[in-house]
Amino acid sequence: MRINKLTASFGKLQNETLRFHDGLNVIYAPNESGKSTWCAFIRAMLYGVDSSERSRNGYLPDKLKYVPWSGAPMEGTMDLTADRCDITLTRTTRSKNAPMREFTATYTGSNVPVENMNGSDAGELLTGVTKDVFRRSAFIEQGNVGVTGSPELEKRIAAIVSTGEEQTSYSEADERLRAWQRKRRWNRRGQLPELEGKMDDAKQLLQEMDGSAEELERLDRELKSCQEEAQKLEQAVIEARKRQRRDALNRLNRGRSQLHASSEAYDRAIGELTQRREALRELGFGDGQLPEVEQEVRRDLKKLKDLGEPKVSAKKLVPALLCFILAVKRRQILKKYKASSPAEIGGILRKFRGLYEAVQEAEEQERLARTAYESSTKQQNDLEENAIAELDFSGGSSEAAQLSRALAAKRAQVEQISSNMAMIRGRLSAIGDPLVLASSLTCMQEEYETIQSEYDAITLALEALRDADREIQTRFSPELGRVAARYMSAVTGGRYEDVLINRDFSARTRTKGDAVARDAEYLSAGTLDLMYLAVRLAVCELALPEGEPCPLILDDALVNLDETRFAQAIELLKQISKKRQVILFTCRQQDDGQEKAE
């Protein structure tokens, strides 16, 4: 493949054109003139612009970095020769979100499309390698001479040193095997730890079920024992309550009989007292007390005596009116006592004395009867209160109450045991059938053994892969180092003769006089660039297709070289350009073979 002409509306390039010829093309241009932009444009025309890339700290994707400064759409053409045919690639932009997405490939000077070529595979079809391999081999960006490994490049290298099969990469295979390994076990994650957790849970559940079954048996025995004890206590409570009710009723009946007798005696005493008081009142003295009545009677008798014995003859000294008045007063006093003479009043007084004493006796009898009645009433009330307390079988200290409390406690125990058994049965029901759980555990154990076998096989495969990779490296690294050493010797005038390359494409070099190879940290910037340029050229020679090699693109890759080594590098590139087109963009001006960008 050879690039003939570029026309770009890309970044600072405003519909500018650049032409190339076969062999070595050295394009001189000062800094900030667009050299790196032309290199990025070549890559974009071959492989397109990745519209999925996103900006990140310190990095700007091509879709943003190379937006035309003029505001025109990002587009361009590339005229090239491949398979002895002149082809024109055209990429244009229809949507800002998909720059240079529209692609055509036609035979130059016609509208005839190139068959089986589209925007996504044009670069790989023309160069023979993917974009990833191209950027790590034949496309050397400014400040990025060093080679970095990738699965794609690794496949190419492995194909060269092994079977020619380009579908195999140690890194990819290693990562895939490790991904499979991590899927099965990674620290505490993966299929195996997950199964271990599930199996532990299942075993714990089975143990819990066994323990719960034993606990149910124990609780069932305890429940039956408590139920039997509760039945016995219930019968004892019934008997105790019967006795207690019977005793309380007998005491109440005796108390009622005694109260009834006291009540009758009290009623009789009240009746007798009432009769005697009525008899006493009939004498006309009311409710007077005996001393008062006796004093009053003595006064009245004295009055009668005084009224009945005048000091002078009535015929001579007392007028008839006075006699009448005295007679009236005498009658009033006698009438007061319902007596006809003073002697009769004395009899009434004696009768009053007898009746008064009888009333006093009746009052004493009434007081005694009342006291007896009140005592009987209080005793009956006490009996009733005691009976109520005795018939309260939940409290108190009676036998029935004590047995009732014992029965209640035993029934509570029965209820608690039943509740515990229900909870255990519910938990067992939630866990499920132990046979199903045991079967599931067996299946998990079998699955675990299968996955563990896979894990062991993957581990063994990783070890075999590492051994195979070491074997490949023993063939790959020396060959790549031999070719790189040839290029390194050429650009350093034979000063450096060995290049040692590791799997990650890091390298060391050794001069003729050195016994030990020097690491990159001990090399000058120019020597380091030359070493990695030699590695790049070796990769291009060994890893890229030989039939029609793709161009070698260098963006200021020789900027750190002195004049001598720059000239030696140019001479080497001339030798390489005999087999493949070489395009070198540089800010260092030389006379031989250089062209300025148009």
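In terms of its C-alpha gyration tensor, the chain comes out prolate, because a/c is 1.5 or above and the ratio a/b outweighs b/c.
Taking the C-alpha atoms only, the angle from helix 342-391 to the longest principal axis of the chain is near 20 degrees.
With 23 Å as the limit, write out which pairs from LYS512/LYS578; LYS12/LYS578; LYS303/LYS336; LYS63/LYS574 have Cα-Cα distances beyond it, or answer none. From LYS512/LYS578; LYS12/LYS578; LYS303/LYS336; LYS63/LYS574, over 23 Å: LYS512/LYS578; LYS12/LYS578; LYS63/LYS574.
Net charge around MET100, counting only other residues with Cβ within less than 12 Å of its Cβ (Lys, Arg = +1; Asp, Glu = -1)? Once all neighbours under 12 Å are counted, the net charge is +2.
Sequence gap at least 6, Cα distance under 8 Å: using those rules, report the relative contact order of the chain to the nearest whole percent. Can you show the working numbers first?
Values: 766 pairs, mean separation 146.4, N = 598.
For the chain, the relative contact order is 24 percent.
What's the carbon and sulfur percent of the chain's accessible surface, probe 1.4 angstrom, rounded to a whole number? That share works out to 49 percent.
Which chymotrypsin sites (Phe, Trp or Tyr not before Pro) from the stretch 56-147 combine a DSSP loop assignment with at most 16 other Cβ atoms within 10 Å? Passing both the DSSP loop test and the Cβ count: TRP69.
Within the chain, the longest run free of exposed loop sites, counting trypsin sites (Lys or Arg not before Pro) that sit outside DSSP helix and strand states (H, G, I, E, B) and have at most 13 other Cβ atoms within 10 Å, spans 339-511. Between 0 and 90 degrees, the angle of helix 563-576 with respect to the longest Cα principal axis of the chain falls at about 80 degrees. Between the stretch 520-594 and the stretch 438-452, how far is it from one alpha carbon centroid to the other, in angstrom? Result: 61 Å between the Cα centres. Principal-axis analysis of the Cα atoms of the chain puts helix 525-543 at an angle of about 80° to the longest axis. Computed extension length for LYS335-ARG425: 21.7 nm, one decimal, from 0.36 nm per residue of separation with the Cα-Cα distance subtracted.
The values are calculated or read from the model by the stated rules, or taken from the named source; none is laboratory data. Since we're looking at a predicted model, the values are computed, not measured. With ideal geometry, Cβ positions are generated from the backbone for all residues, glycine too; neighbour counts draw on all protein chains shown. For accessibility, only protein heavy atoms count, side chains too; no ligands or nucleic acids. Shrake-Rupley method; radii C 1.70, N 1.55, O 1.52, S 1.80 Å.
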